[in-house]
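Trainee: Quick one: the structure is below, and I'll ask about it shortly.
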Amino acid sequence: MEKRALLVLDPRTKIFLVLAMGASVTILVPIYVEILSAALLAFLFVMNRQIKSAIKLMMVFLFLSALTYLPQNIPGVANIVLPISFMVRRFMMPIVAGNYLLSSTPVGLLMNALEKLKLPFSVVITIAVMFRFFPTLKEEYGHIKNAMKMRGIGISAINVISKPFLTLEYMMVPLLSSASRIGDELAAAGHTKGIDAPLQKVRYKTSRFTIADAVIFLYIIAVFIAAGITRIHA
């Protein structure tokens, strides 16, 4: 039985969080702001009962942050290690926020939130199908990965380098075929459920703002204000 999340945010808040994390890539913020943002995402994962994801996020982020304190006189640190760790650390935040959005948002609740934003219905349907597509494709990828292990061709850096054509044949070809099939099945399922019917829908779940959503909004606004002040006084 699937456990219910301890904290349910409005999908509009999650979308705003993803957009804010994406915009933060172009803004130079202090390291403590990045740590607070990572801690916020880890807290949201914990509230969604994804403890392993929260631990992995903080371990990877703290490791990348610790690399910035390496002595720069070590060969390769200033030219290779620091730039790569900085780029990975910055681009990791919007990807993790998107992962949280996908893993914690039911499609029906998302559609209700997008309809409240007065988006065109064609856009709502497209986003809803995308939300179903990627988790299903991820599950299919797991099946292909297990089948490859049975053939002695596990997906690893060594096998990709030593057996590139076999890896391409046994992974990419079935994955592309599955992607095409999944798209057709999702479209058929949507038509069966009347998702494209030009009538007003009655949703089992409705999105609404709570105090937690207000806190997230205020936190993001405060981060951008702090970043602006830092740029002015820099």
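Trainee: Within segment 86-109, is there a residue that is under 23 Å from Lys205 (Cβ atoms) and over 18 Å from the mean Cα position of the chain (by Cα)?
Mentor: Taking every residue of segment 86-109 in turn, at least one turns out to be under 23 Å from Lys205 (Cβ atoms) and over 18 Å from the mean Cα position of the chain (by Cα).
Trainee: A follow-up question, please. Only one of (1) open to solvent by 50 Å² or more (accessible area, probe 1.4 Å); (2) not in a loop (DSSP other than H, G, I, E, B) fails for Ser53. Which number is that?
Mentor: The single condition Ser53 does not satisfy is (1).
Trainee: Given (1) in a helix (DSSP H, G or I); (2) in contact with a helix residue (DSSP H, G or I) (Cβ under 6 Å, 6 or more places away or on another chain); (3) at pLDDT 75 or above, where does Thr206 come up short, assuming only one miss?
Mentor: (1)
Trainee: Return the pairs, sorted by first residue and then second, in which the second residue is modelled with pLDDT under 75 and in a loop (DSSP other than H, G, I, E, B), the first residue lies in segment 1-29 and is open to solvent by 70 Å² or more (accessible area, probe 1.4 Å), the beta carbons are less than 9 Å apart, and the residues are 6+ apart or on different chains.
Mentor: These pairs meet every condition: Leu28/Ala234.
Trainee: Still on this model: Sort out for me the helices (runs of 4 or more DSSP H) sitting completely within segment 65-171 that have 1 or more residues that are among the polar types (S, T, N, Q) and either in contact (Cβ under 8 Å) with a residue 40 or more places away in the chain or in contact with a Ser or Thr (Cβ under 7 Å, 6 or more places away or on another chain) (or both).
Mentor: So the answer is 82-104, 107-116, 121-150, 157-162.
Trainee: Considering only residues that are among the hydrophobic types (A, V, I, L, M, F, W, C) and open to solvent by 70 Å² or more (accessible area, probe 1.4 Å), look in segment 61-79 and name the one that is farthest from Ser103 (Cα to Cα).
Mentor: Ile74
Trainee: Right, another one. When you go through Leu36, Leu17, Leu57 one by one, which is the residue that is hydrophobic (A, V, I, L, M, F, W, C), more than 29 Å from Ile127 (Cα to Cα) and out of contact with any Cys (no Cβ under 6 Å at 6 or more places or on another chain)?
Mentor: Being hydrophobic (A, V, I, L, M, F, W, C), more than 29 Å from Ile127 (Cα to Cα) and out of contact with any Cys (no Cβ under 6 Å at 6 or more places or on another chain) holds for just one of Leu36, Leu17, Leu57, which is Leu36.
Trainee: Quick test for you: out of Ile95, Ile84, Ile80, Ile74, pick the one residue that is modelled with pLDDT of 85 or more, of a type in the set (A, V, I, L, M, F, W, C) and farther than 24 Å from Arg132 by Cα.
Mentor: None of the other options fit; the residue is Ile84.
Trainee: Quick test of your reading of the structure: Ser122 fulfils all but one of (1) open to solvent by 30 Å² or more (accessible area, probe 1.4 Å); (2) within 30 Å of Ala187 (Cβ to Cβ); (3) at pLDDT 80 or above. Name the failing condition by number.
Mentor: Unmet for Ser122, out of (1) open to solvent by 30 Å² or more (accessible area, probe 1.4 Å); (2) within 30 Å of Ala187 (Cβ to Cβ); (3) at pLDDT 80 or above: (3).
Trainee: Can you report the number of residues in segment 126-182 which are at pLDDT 75 or above, open to solvent by 90 Å² or more (accessible area, probe 1.4 Å) and acidic (Asp, Glu)?
Mentor: Qualifying residue count, segment 126-182: 1.
The values are calculated or read from the model by the stated rules, or taken from the named source; none is laboratory data. Not measured: the values here are computed from a predicted model. Every residue, glycine as well, gets a Cβ built from its backbone with ideal geometry; the counts of neighbours run over all protein chains shown. Side chains are part of the model used for accessible areas, which takes the heavy atoms of the whole protein and leaves out ligands, DNA and RNA. Shrake-Rupley method; radii C 1.70, N 1.55, O 1.52, S 1.80 Å.
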